[in-house]
1. Mind checking which pairs have a first residue in segment 101-116 that is more than 12 Å from Gln75 (Cα to Cα) and a second that is surrounded by fewer than 12 Cβ atoms within 10 Å (Cβ to Cβ) and of a type in the set (Ser, Thr, Tyr), Cβ under 7 Å, 6 or more apart or different chains?
2. Quick check: anything in segment 26-43 modelled with pLDDT under 85, in contact with a Phe, Trp or Tyr (Cβ under 7 Å, 6 or more places away or on another chain) and under 30 Å from Glu103 (Cα atoms)?
3. Name the one entry in Thr81, Thr61 that is surrounded by 15 or more Cβ atoms within 10 Å (Cβ to Cβ) and of a type in the set (Ser, Thr, Tyr).
4. Could you grab the pairs with beta carbons closer than 8 Å, sequence gap of 6+ or different chains, first residue in segment 42-53 and of a type in the set (Gly, Ala, Ser), second one surrounded by 13 or more Cβ atoms within 10 Å (Cβ to Cβ)?
5. So which residues in segment 74-95 are more than 12 Å from the chain's Cα centre (by Cα) and without any contact (Cβ under 8 Å) to a residue 12 or more places away in the chain?
Amino acid sequence: MKKSVAAKLPKSPKRPAARDLNVELLASIADVKAGKWARKTEFKRRADGGWRRRIVLADGTVEKEEIIPASATAQVARAGTGLSQAQFAKLIGVSLRTLQEWEQGRKRPSGPASVLLRIVARDPRVVAALNG
C-alpha cells in the first residue's frame, strides 16, 4: 500500500495563541504618552563635520554605533535635523525613495539639491526657515 502525500509532509509547528493587537496598540500608545521608549537614535556632531549615530535600547544597551562621514551630505544633513527620512524628504521636496537612494549612495543629488544639503549639513537650524 502507498502512503498518502500528507503523511510524507513534515508536520507544521503549532501556531502561537491569538494576539490581541488592539490591546498591544493601546499599551504602546500609553507608553509613548508616558515618555517610555524601546529604543532611540542619538546624533552627536564630530569635529570633522561628520556625525556619530548611536541606537540605544531602553535599558541603556548600545544596539548600534556608527560614524557618518562628512562626505555623505544627505545623511549628515538629515542627522543634524533629527528628522525621519520621510519628514526630511517632504521638507526638502523630494520623494522618500530619492532620499533613501542618496543616503545609500546609489544616486547623487543634483546641483541645487546638493547645495541645499550642504547648507543644511553646515547649519541644521536652516530647516526651521524651510518649514515656515
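1. Listed by first residue and then by second, the contacts come to nothing, as the list is empty.
2. Yes, that holds for at least one residue.
3. Of Thr81, Thr61, the one residue that is surrounded by 15 or more Cβ atoms within 10 Å (Cβ to Cβ) and of a type in the set (Ser, Thr, Tyr) is Thr81.
4. Pairs found: Gly49/Ala70; Gly49/Val76; Gly49/Ala121; Gly50/Ile68; Gly50/Pro69; Gly50/Ala70; Gly50/Ala72; Gly50/Val76.
5. Correct list: Ala89, Lys90, Gly93, Ser95.
Rundown of residues vs (1) buried (at least 16 other Cβ atoms within 10 Å of the Cβ); (2) part of a helix (DSSP H, G or I), yes/no style:
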{"site": "Thr41", "(1), (2)": "no, no"}
{"site": "Arg52", "(1), (2)": "no, no"}
{"site": "Glu66", "(1), (2)": "no, no"}
{"site": "Ala74", "(1), (2)": "yes, yes"}
{"site": "Ala86", "(1), (2)": "no, yes"}
{"site": "Ala89", "(1), (2)": "yes, yes"}
{"site": "Glu101", "(1), (2)": "yes, yes"}
{"site": "Ala121", "(1), (2)": "yes, yes"}
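The values are calculated or read from the model by the stated rules, or taken from the named source; none is laboratory data. Since we're looking at a predicted model, the values are computed, not measured. Note that we place each Cβ from the backbone using ideal geometry, even for glycine, and neighbour counts take in every protein chain shown.
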